[in-house]
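Colleague: There's a structure below that I have some questions on.
The values are calculated or read from the model by the stated rules, or taken from the named source; none is laboratory data. Predicted, not measured: the structure shown is a model, and the values here were computed from it. Note that we place each Cβ from the backbone using ideal geometry, even for glycine, and neighbour counts take in every protein chain shown.
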Amino acid sequence: MEKGIVIYQSKYGATKKYVNWLIEETNFDYIETSNAKIKDIEKYNIIILCGGIYASSIVGLSFLRKNYNVLKHKKLVIFCVGASPFEEKAFNEIKLHNLKKDLINIPTFYGRGAWDEKNMTFKDRILCKILEKVISKKDPNTYEPWMKALMSAVGEKCDWTDRKYLKPLLEYIN
C-alpha cells in the first residue's frame, strides 16, 4: 500500500473512532487538522480528510481548500461523519454544498456517527433544540430520513459508528 496520512477533526469523538479504525487497517500516519502543516503532508501519496458534518458543513475541509494546489496530484479522499443514516439525496446535497470548484471531484465517503446531547456544546444543543422544534411541527409521515433520525435520537445517547462504513473507502484506496 502507498504511504498515506489521515488528517482529521473530531468534535465529539465519532470521527476520531473512524480515524483509529482507518489507522488499524492502513497503518497510515494521522494528525489533527489544527496541527497539520502542508510541508509535512505533501510527502504522502494518499491523503484522507476525516471530518464531521455540522450544519451541512464538513469540518476540516478548509485545510484541503487552502492547500489544494499543492495536493492536487495526490490521491485525495474525504470521509465525513454525520448523525443521520445514509441517504443518497441528502449526501449529494452535502457534497454540492461543500465541494466547490477544484474539490468537486474528490471521492467522498460517509460514515454514521453518534449522538449525545449531554456532551454537546451549549450552542450545538440550542441549535438542535431549534431544529427539533421546527421538525416537530411537521407531519411525521412527511419526515425525511434525517428528520426521523433526529426525532428518534432526542434525549438519547446513540452510537451508530460501524467499521462497515469504511469498506468502500478502503476498497478505493487499495
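Colleague: Got at least one residue in the range 131-149 being aliphatic (A, V, I, L, M), over 23 Å from Asn92 (Cβ atoms) and modelled with pLDDT under 85?
Modeller: Our first condition is that a residue be aliphatic (A, V, I, L, M); within the range 131-149, this holds for 131, 134-135, 147, 149.
Right, trim to over 23 Å from Asn92 (Cβ atoms) and you get none.
No, the conditions are met nowhere in the range 131-149.
Colleague: Here is a list: Lys43, Lys17. Which entry is out of contact with any helix residue (DSSP H, G or I) (no Cβ under 9 Å at 6 or more places or on another chain) and at pLDDT 95 or above?
Modeller: Numbers: Lys43 fails: at pLDDT 95 or above.
Matching residue, one of Lys43, Lys17: Lys17.
Colleague: Right, next: For the condition farther than 23 Å from Asp162 by Cα, among the aliphatic types (A, V, I, L, M) and either modelled with pLDDT under 95 or surrounded by 21 or more Cβ atoms within 10 Å (Cβ to Cβ) (or both), what is the one hit in Leu64, Leu22? Show your work before the answer.
Modeller: Details: Leu22 fails: farther than 23 Å from Asp162 by Cα.
It is Leu64.
Colleague: Step by step: first the residues of the range 94-120, then only those that are outside any helix (DSSP H, G or I), modelled with pLDDT of 90 or more and hydrophobic (A, V, I, L, M, F, W, C), then the one that is surrounded by the most Cβ atoms within 10 Å (Cβ to Cβ). Which residue is that? Show your work before the answer.
Modeller: Step one: filter the range 94-120 for residues outside any helix (DSSP H, G or I), giving 99-100, 106-116, 120.
If we keep only those that are modelled with pLDDT of 90 or more too, we end up with 99, 106-113.
Those still in the list that are hydrophobic (A, V, I, L, M, F, W, C) too: 99, 106, 109.
Values: Leu99: 18, Ile106: 20, Phe109: 22.
For the range 94-120, the residue satisfying everything is Phe109.
Colleague: Failed condition for Asn45, given (1) within 15 Å of the chain's Cα centre (by Cα); (2) in contact (Cβ under 8 Å) with a residue 40 or more places away in the chain, with all others met?
Modeller: Unmet for Asn45, out of (1) within 15 Å of the chain's Cα centre (by Cα); (2) in contact (Cβ under 8 Å) with a residue 40 or more places away in the chain: (1).
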